1. Using unit Cβ charges (K, R positive; D, E negative) and no other charged atoms, how large, in debye to the nearest 20, is the dipole of the stretch 290-421 about its Cα centre?
2. Starting from the Cα of residue 505, step 7 Å along the direction of its Cβ; do the same at residue 95; then give the gap between the two resulting points in nm.
3. Quick one: divide the alpha-carbon radius of gyration of the stretch 78-211 by 2.2 N^0.38 Å and tell me what you get.
4. Can you list the trypsin sites (Lys or Arg not before Pro) in the stretch 153-256 that are in a DSSP coil and have 16 or fewer other beta carbons within 10 angstrom?
5. Using the C-alpha atoms of the stretch 249-342, what convex hull volume per residue, in cubic angstrom, is computed?
6. Calculate the spin-label point distance for residue 518 paired with residue 409, positioning each point 7 Å from the Cα along the beta-carbon direction, and give it in nanometres.
7. What is the distance, in nm, between label points placed 7 Å from the Cα along the Cα-to-Cβ direction at residue 87 and at residue 497?
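Where a number appears in this text, it was derived from the coordinates with a stated rule and is not lab data. Given the structure is predicted, the values throughout are model-derived calculations rather than measurements. Every residue, glycine as well, gets a Cβ built from its backbone with ideal geometry; the counts of neighbours run over all protein chains shown.
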Amino acid sequence: MPSAGNEEILKTLMFGVKTQKPRTKNKTDTAGEDALRIRILPEGIQDIHGESAKNIVVEDEGVDILKGHRLTTIENPHGFVKQQEQQDKKAEMIKEVRRMNAILTWGDTIPDPIIDFDSPIFPDQLVQNIKEFGIKEPSPIQMQAMALMMEKRDLLACAPTGSGKTLAFTAPIIAEIVRIKKLDKYSGGGKLLSIVLEPTRELAVQTYRQFLKFSQGLEVTVATLDEQEELAKADVIVGTPKKLVELLPSLSLKWLRWLVVDESDRLFDNISNKKGKNNETFRSQLGTIYKACNGKWAKKAFFSATFSQEVEKWCKESIVSLAIVCIGERNVANSNVVQELVYTGSEQGKLIALRNLFLEDFNPPALVFVQSKDRARQLESWFSSLKPAIPYAIISSDCRQEDRDAALNGVRSGKIWALVCTELMGRGLDLPAVNLVINFDLPTTIVQYIHRIGRTGRAGRKGRAITYFTQSDFKYVRPIASVIRQAGFSVPEYTLSLNPIARKEKKEIYRHAIKRKNIAAPRVYNDFRNMIIQQGNTYLETIIGRDTYGAASMTVMGCHLFLSR
Ligand SMILES: Nc1ncnc2c1ncn2[C@@H]1O[C@H](COP(=O)(O)OP(=O)(O)OP(=O)(O)O)[C@@H](O)[C@H]1O
């Protein structure tokens, strides 16, 4: 156990691991205290690490790879019989590191975790860049996944939202490119060495920026798939499967070292959200890419915060010598996020709850999730009528790319307090400042819920998530309520015993969102209605003549007044 003196350090390090918690404790005030840590090391590990770490040399294409030290490389410096004793001690330490950081692994000969960025295994400039961006030590997923990637192992990795998975693959890829480009054959560049796939363009750009950040001052060229003229000289490309499939014929993949599939459970999705016959799903696109990345050196790494059994099964069956690493329990919400489930009765009730929240208990910026772009428009109109006004923006697939970028920049700079968004923004998005996630419309799956609320509470920060539900959500709320209860937060007791929906219906709501009452602000709604009525009136007037029309409309108005009394 860490000593009391270390408490302060541990607080800042609470990041990346979910620990066991009492199931029913209401933790509204204490969330996160014991939940997440960046990295915890057992006492004495530094001695072992420092005392006997040794350079390792691995042959690849006739050259040495970067020399690095790891916990595994311990040897008795004097060649004494103590070796066995030392190895046992080392094995115990490694076990302890994994236990304390909830690192679970599966597969043959898993390398020991890398406990420090300060290691000759990484180029100095990379380590300097990482530190310059305020990252002091690897998170649990980084410790284990980086070690596996540095050993060029095919990998399936799962760790909570906001726990640093991006750097877990970015750093080894950069290190590998730097190493490879020292070889004569590769020195001029122009050979594609890595591909990273993301489900949306926003995430691709976000990951691309991470690459730029961490490869500053190094000879690494990164491009997104939107920059076609840059592709020919790129060492790494980042993009969506759809775009990559289009560009595959123009790319040479024979030098490829890494295909990284981020948000891998999403990219295995076999459901097309669009109507029509020839809509390619993410899975079919991924299949095409996977087949194309069949070069001699190509390794695959799959990352996600949620673990689908289907992905795991597929990887185990298709990849020889696969390694799996999982941080903490599978498919649980980030425990740095305080979670609330609020019954609002009706759609109108949600608006009242939201208004009260803004007036009384609001710590911006917030992401407000709705189930569709129509709902986003409706809520936008409500925001536009809000007094006092809240600076807001909207992102849905309808928005132009410039508007999406402007909205995200607005949240980053603090100008936007509430971002109304659809599922498009539910995954991967890293806006560290976000304090609050509001599920205005109930997420339809646990996976969706985990990713949405994971937009807050990132990198060890605290976050809050509020989920509204109404009478029409009774059929769907139970799984979400169970996840919240499991994380140690209170939920209305009856939500845990509501009847779950049938499997068939589950698929249906994935395709067609739940029908909900319009929440557009009356002013906008009335303007629209008045416009329609006026156009209809003009049309009627021209068809049936002004007098007949006048008499008819008086009668209709009279009936309307009588009925609405
Ligand atoms: N070792 C670290 N220490 C502190 N902060 C870190 C560390 N590694 C990454 N971060 C920061 O944590 C934040 C979240 O990282 P990242 O976006 O990689 O999370 P993720 O695990 O991919 O989350 P998600 O599953 O939601 O996509 C980023 O702002 C990143 O800069």
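1. Value, rounded to 20: 540 debye.
2. 4.9
3. This ratio for the stretch 78-211 stands at 1.20.
4. 182, 233, 254
5. 160
6. Label-label distance for residue 409 and residue 518, simple model: 3.5 nm.
7. Distance between the two pseudo-spin positions: 5.8 nm.
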